[in-house]
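Quick notes on the structure that follows.
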Amino acid sequence: MRLYAVVAAGGFRRHTTYRIATAAGVFTNTVFGAIMAYTYMALWSVRPRLGGYDQAEALTYVWLGQALIMTVAMMGGGFEDELIERIRTGDIAIDLYRPADLQLWWLAGDVGRAAFHLLGRGLVPLAFGALAFDLALPADPLTWLAFLFAVFLGVLVSFSIRYLVALSAFWLLDGAGMAQMAWLGGIFFSGMLLPLNVFPGALGEVARALPWSALLQIPADVLLGRHTGWGLARAYGFQLGWAALLLGVGRLLQAAATRRVVVQGG
Amino acid sequence: MAETVADGVAGAAAPESWREARAGRLRGAAEGIRAYRLIAGMWIRSTLAYRASFLMTALGNFLATGLDFVAILLMFSHIDALGGYTLPEVAFLYGASGAAFGLADLVMGSMDRLGRRVRDGTLDTLLVRPVPVLAQVAADRFALRRLGRITQGLLVLGYALPALDVHWTPLRALLIPLMLLSGAAIFSAVFVAGGAFQFFAQDASEVQNSFTYGGNQMLQYPPTVFAKDMVRGVTFVVPLAFVNWLPAMYVLDRPYPLDLPGWLAFTPPLVAAGCCALAGAAWRAGVRAYRSTGS
């Protein structure tokens, strides 16, 4: 366990090196947040209770999206490119010798990365949004705690999806296509473009049932106080269920993949 | 610097040397375009070596950029007008900006890799080659898959044009290609300026993204949606409004939000030329300021 804590801390520390990149990213998230906030205001001024949100809640949703986009890696990025590269070059064979579990190892690093991005790229855009717009942020610290846990579960689900994407490189060698497909799913079905409860009819129902809704929609709804009591437990259950299922599939694939590894020598 | 001094001293021979300088610059530009073509051609050949992979990534590019429009369609499943603009009108803005940005992204989109080259020192290899650096950086990893974005923008534009409730005149029709080409030039200038910025802030390619991708996203919506100061910013500071907003206001017969005169709708080529000149100057300043990592 201690090993994975060290790996997680390493994942966190590794990203602290990119200070200018982080500042530039904060700037970008703020610009995109402002653009989206105005389009949402235009939309909600015509349909004031769209998706069950009032305008302040819709704006909060926008800025949460910008704050979490890197944390839950909605657009991909993070460890999977590196893992795909290691699979492609065969370096993965070295990883398999290590006295650590492959999946847990990468998960620990990714949790560290997520924690850094939550602080480094999440706080400032959210603070800017709260200053420049009327947001519906809760005063109750318990709601914030509940939100943070939902974000953590979102990171788990996000990791488990991206781990599957990376493992596909064992069969496809070039993981770019899969990564792009997962990226598309992530950006659309996480509710990054538009809250999933604004999606009409069956599309909305499907979108809310897919694992990506665990990345943004559920954490946002937890913060907006739409999941409380048993509803909160159900929301966590949904996230945990997807995480367990996808991590389990990841284990199976990993076992199948490691049997396939042929070390090419040299 | 030495050149300007020589020009001043030469005095009488000025027209001659000016003509020479211009010829030299033209030769440089021609050389740059030739080099760009060669490098881009090389990357196209390497891309097409894996045809299935190319088709997948181009399709992915097409779908990814299309998601924005799907979001707009979802919005319009709840409303009839956004910021006072109907769906065909928003689609017109979207298609025009998307196609112009797509063109710029195809030609200049690799500029955001410059920061990495500065950091790891591989820019030095480009500097010692007898080929304009800008052409090399811009053509580096030329990504043919970006045709997906252009296709998507043109398709939305193709849906919007016949659906618009516009009294078409030759002038209005002429504005469409003018808008796409000048828009592409303006976005290209922003890419180059962003590249120049990375000589100084090597790790900050995302700042460039907020002006290119962010600008594109903003222009996809009507100007009435945004706060006055934001509209002022993209009109007077980074003149992205000339990509589509101003010409589109003439086509759609709507007043521009800041009470600007209507004839500005015809100025995008001038603005584009100005932007390209400024971006070129910024680029040269960046190259001059470049200090290798020494690694």
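Going by the conditions given, is A:Met75 buried (at least 20 other Cβ atoms within 10 Å of the Cβ), touching a helix residue (DSSP H, G or I) at 6+ places or on another chain (Cβ under 8 Å) and within 12 Å of chain B (Cβ to nearest Cβ)?
Working: buried (at least 20 other Cβ atoms within 10 Å of the Cβ): no; touching a helix residue (DSSP H, G or I) at 6+ places or on another chain (Cβ under 8 Å): yes; within 12 Å of chain B (Cβ to nearest Cβ): yes.
No.
Which one is surrounded by the most Cβ atoms within 10 Å (Cβ to Cβ) among residues in the stretch A:109-152 that are out of contact with any helix residue (DSSP H, G or I) (no Cβ under 8 Å at 6 or more places or on another chain) and of a type in the set (Gly, Ala, Ser)?
A:Ala127
So B:Ser188 fits all but one of (1) assigned to a loop (DSSP other than H, G, I, E, B); (2) crowded, with 21+ Cβ neighbours inside 10 Å; (3) more than 14 Å from chain A (Cβ to nearest Cβ); what number is the exception?
So B:Ser188 meets the others, but not (1).
Of the numbered conditions (1) open to solvent by less than 40 Å² (accessible area, probe 1.4 Å); (2) touching a Leu at 6+ places or on another chain (Cβ under 7 Å), A:Leu240 satisfies every one except a single condition; which is it?
That leaves (1) as the condition not met.
If I ask for residues that are open to solvent by less than 20 Å² (accessible area, probe 1.4 Å) and more than 10 Å from chain B (Cβ to nearest Cβ), which ones from the stretch A:196-217 would you list? It would help to see each step written out before you state the result.
If we filter the stretch A:196-217 for residues that are open to solvent by less than 20 Å² (accessible area, probe 1.4 Å), which is where we start, we get A:196, A:198-199, A:204, A:207, A:211, A:213-217.
Result: A:Leu196, A:Ala207, A:Pro211, A:Ser213, A:Ala214, A:Leu215, A:Leu216, A:Gln217.
Output the residue which, of all residues in the stretch B:39-72 that are open to solvent by 40 Å² or more (accessible area, probe 1.4 Å) and out of contact with any helix residue (DSSP H, G or I) (no Cβ under 8 Å at 6 or more places or on another chain), is farthest from the other protein chains (Cβ to nearest Cβ).
Across the stretch B:39-72, the extreme among qualifying residues is B:Met42.
Search the stretch B:221-248 for residues being more than 25 Å from B:Ala279 (Cβ to Cβ) and assigned to a helix (DSSP H, G or I), and hand back the single one that is nearest to the other protein chains (Cβ to nearest Cβ). Spell out the reasoning first.
Residues of the stretch B:221-248 more than 25 Å from B:Ala279 (Cβ to Cβ): B:221-222, B:224-225, B:227-228.
Restricting the remaining residues to those that are assigned to a helix (DSSP H, G or I) gives B:224-225, B:228.
On the way: B:Thr224: 8, B:Val225: 4, B:Lys228: 11 Å.
Only one residue fits best here, namely B:Val225.
Could you tell me whether A:Ile87 is more than 14 Å from every other protein chain (Cβ to nearest Cβ) and over 27 Å from A:Phe189 (Cβ atoms)? First the steps, then the outcome.
Numbers: more than 14 Å from every other protein chain (Cβ to nearest Cβ): yes; over 27 Å from A:Phe189 (Cβ atoms): no.
Spelling it out, it is not the case that A:Ile87 is more than 14 Å from every other protein chain (Cβ to nearest Cβ) and over 27 Å from A:Phe189 (Cβ atoms).
Using the structure shown, decide if A:Met36 is under 29 Å from B:Val225 (Cα atoms) and part of a loop (DSSP other than H, G, I, E, B). Please lay out each step first, then the result.
Numbers: under 29 Å from B:Val225 (Cα atoms): yes; part of a loop (DSSP other than H, G, I, E, B): no.
Answer is no for this residue.
Surrounded by 13 or more Cβ atoms within 10 Å (Cβ to Cβ) and farther than 30 Å from A:Leu96 by Cβ: which single residue out of A:Leu245, A:Leu223 fits that description?
Numbers: A:Leu245 fails: farther than 30 Å from A:Leu96 by Cβ.
Unique residue meeting the criteria: A:Leu223.
Considering (1) within 16 Å of the chain's Cα centre (by Cα); (2) farther than 25 Å from B:Ala277 by Cα; (3) of a type in the set (S, T, N, Q), say which one B:Ser182 fails and leave the rest.
Unmet for B:Ser182, out of (1) within 16 Å of the chain's Cα centre (by Cα); (2) farther than 25 Å from B:Ala277 by Cα; (3) of a type in the set (S, T, N, Q): (2).
Out of the residues in the stretch B:73-101 meeting the condition of being more than 8 Å from every other protein chain (Cβ to nearest Cβ) and over 23 Å from B:Tyr250 (Cα atoms), tell me which one is surrounded by the most Cβ atoms within 10 Å (Cβ to Cβ).
By that ranking, first place goes to B:Phe76.
Give the residue that is nearest to the other protein chains (Cβ to nearest Cβ), with candidates limited to residues of the stretch A:44-64 that are touching a residue at least 12 places away in the same chain (Cβ under 8 Å), in a helix (DSSP H, G or I) and closer than 24 Å to B:Tyr85 by Cβ.
Filtering the stretch A:44-64 down to residues touching a residue at least 12 places away in the same chain (Cβ under 8 Å) leaves A:44, A:50-64.
This time we only want the ones that are in a helix (DSSP H, G or I), so: A:44, A:50-52, A:55-64.
Checking the rest, the ones that are also closer than 24 Å to B:Tyr85 by Cβ come to A:44, A:50-51, A:55, A:58-59, A:61-62.
Numbers: A:Trp44: 10, A:Leu50: 6, A:Gly51: 9, A:Gln55: 14, A:Ala58: 12, A:Leu59: 13, A:Tyr61: 13, A:Val62: 12 Å.
Looking at the filtered set, the residue picked out is A:Leu50.
The values are calculated or read from the model by the stated rules, or taken from the named source; none is laboratory data. The structure presented is a predicted model; accordingly, all values stated were derived computationally and were not measured. Don't worry about glycine lacking a Cβ; one is built from the backbone with ideal geometry, like all the others, and counts go over all protein chains shown. Just so you know, the surface numbers come from the protein's heavy atoms only, side chains and all, with ligands and any DNA or RNA stripped out. Shrake-Rupley method; radii C 1.70, N 1.55, O 1.52, S 1.80 Å.
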